[in-house]
1. Name the strands (runs of 3 or more DSSP E) wholly inside the stretch 526-602 in which the number of residues that are in the same structural domain as residue 615 (by TED's automatic domain parsing) and over 29 Å from residue 426 (Cα atoms) is 2 or more.
2. Select, from 424, 398, 386, the only residue that is surrounded by fewer than 18 Cβ atoms within 10 Å (Cβ to Cβ) and not assigned by TED's automatic domain parsing to the domain that holds residue 95.
3. Which one of these is more than 21 Å from residue 76 (Cβ to Cβ) and either modelled with pLDDT under 95 or touching a helix residue (DSSP H, G or I) at 6+ places or on another chain (Cβ under 7 Å) (or both): 40, 48, 12?
4. Is it true that some residue in the stretch 456-469 is modelled with pLDDT of 95 or more, touching a helix residue (DSSP H, G or I) at 6+ places or on another chain (Cβ under 7 Å) and not in a helix (DSSP H, G or I)?
5. It is to be established whether one or more residues within the stretch 417-436 are part of a helix (DSSP H, G or I), farther than 22 Å from residue 75 by Cβ and out of contact with any strand residue (DSSP E or B) (no Cβ under 7 Å at 6 or more places or on another chain).
6. Residues that are assigned by TED's automatic domain parsing to the domain that holds residue 129, under 23 Å from the mean Cα position of the chain (by Cα) and free of Cβ contacts under 8 Å to residues at least 60 places away in the same chain: list the helices (runs of 4 or more DSSP H) wholly contained in the stretch 1-110 that include at least 3 such residues.
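The values are calculated or read from the model by the stated rules, or taken from the named source; none is laboratory data. On a predicted model such as this, the values are computed, not experimentally measured, just so you know. Neighbour counts run over all protein chains shown; Cβ positions are idealised from the backbone, glycine included.
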């Protein structure tokens, strides 16, 4: 077992301040080993955290958390921050139910000042906190840590624009973890950064400008000419001039693994008035060769063998891979098919499409709004765009779906990946809201396959549709019962999986398999339950529902998504609209955010596992449950 000489002495950021540079370097090595020891057992975000070890130590060495506020963009790179803020003993519970969150969480620690999970938000949050500080006449530093990937999100530039214009004291740390550094930066840029950040230089520059402008006639001309020349020269040698022109003092680029440089530049950053941007170059996966060579694989990784880098679990074919592979086949047949993703070609299964059709593949960065509206532009020009985005991130493009796609009834297909409960990443990533925020938009069709074969059929079917379509499917691979029929997609109709007379269970996607298990359990107790694959969540199959109402008056809806505005609500609306004499029980997630943990554990906690559902249905049929919603 690895012995931690320094790390065992660190219980809070204050303990760092007693260390010298050599001890901090040793601590960096120990933290990397600690991350490998723990994440190899629990799984988690490895590469990004290995890359920010020195950066995190330097920030906590210079700043005084939680008095100074550190906001992590996205937050999956905050493991080192958690380790040195008193939570290292909890790392064996990382992302487990009731354990340590994989993202910043104010309920865990006062050092987590804001809950994050989606990208490009940190600068906005930091600016809000800085303005609150100023309004209350308080005095502390506010630091936003944002990656170069998150900087592709438009919201980050909205915040930069506002912050630069406001002249508010705020520090933005740009964690640039690209593999290479341009040659037109480096020593000269670092020198100019030190020069500009020196308070004496800033004072001298201001005084000289004032003196020049007081010279009659020619002073104003000379001052403006010198300013133009200075700016032109800086554009030639420094990449950070974009930030300078937005009102920031740019410092960098800095070697993000050089503790001496990091501590020095951060100390100087605190002495500058107005917004400051510190550009830090780091390497994802630093110190672990397998993660350095394959940072995408080790970004969010399941348990693995530290010595070999091999994943402990044998990977099965996933819905994402099935989607990507079938889309390649569709693209071969139809030149109108194009694929779009928002910085996740691998996660959404589109890497092969990218290789096969580079001209018809578009990775737009972390810019979901742009992705959807660009797809609308492609669709309006005769193409058939397939936009693959995780359910939780698609939320960010709500207005574009409504305004740019649905109002114009354009044939854009949204491949809604990670729909339903996703597990370990917690409430910021659970895909439980997409039905609710898509279903009420006119012209939208929503499909949910029961298995991967049906996903392929739905993809083919969507190609012939003349309006917007969302196909939602879960993370990973789902085992399904062999009793499932193979009813082809015809006119958006549902299918009856099992016949019954005592009650009817309407379900779809992942939960359809649970519905079948429940029906078989009830059958052993003499209860005959009908099971319907409600694979088209919008529009509802009105003819099947009307026919079912004439035969069965006890209905159950089962979903691993939010009941409010979700599938269960749509059934209630149909029943009320047509005055059907049926009683409906909605089983799902009732007005709640879902915490992190394994999918299996969460499903049991929500009482959506087959045993709990069967028990609840028996109570419903016995008359013990009369409420429409079951409040779990």
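1. Where strands (runs of 3 or more DSSP E) fall fully within the stretch 526-602 and carry at least 2 residues being in the same structural domain as residue 615 (by TED's automatic domain parsing) and over 29 Å from residue 426 (Cα atoms), they are 529-533, 554-562, 583-589.
2. 398
3. After ruling out the rest, the residue left standing is 12.
4. Among the residues of the stretch 456-469, at least one is modelled with pLDDT of 95 or more, touching a helix residue (DSSP H, G or I) at 6+ places or on another chain (Cβ under 7 Å) and not in a helix (DSSP H, G or I), which makes the answer yes.
5. no
6. Counting at least 3 such residues, we get 79-82.
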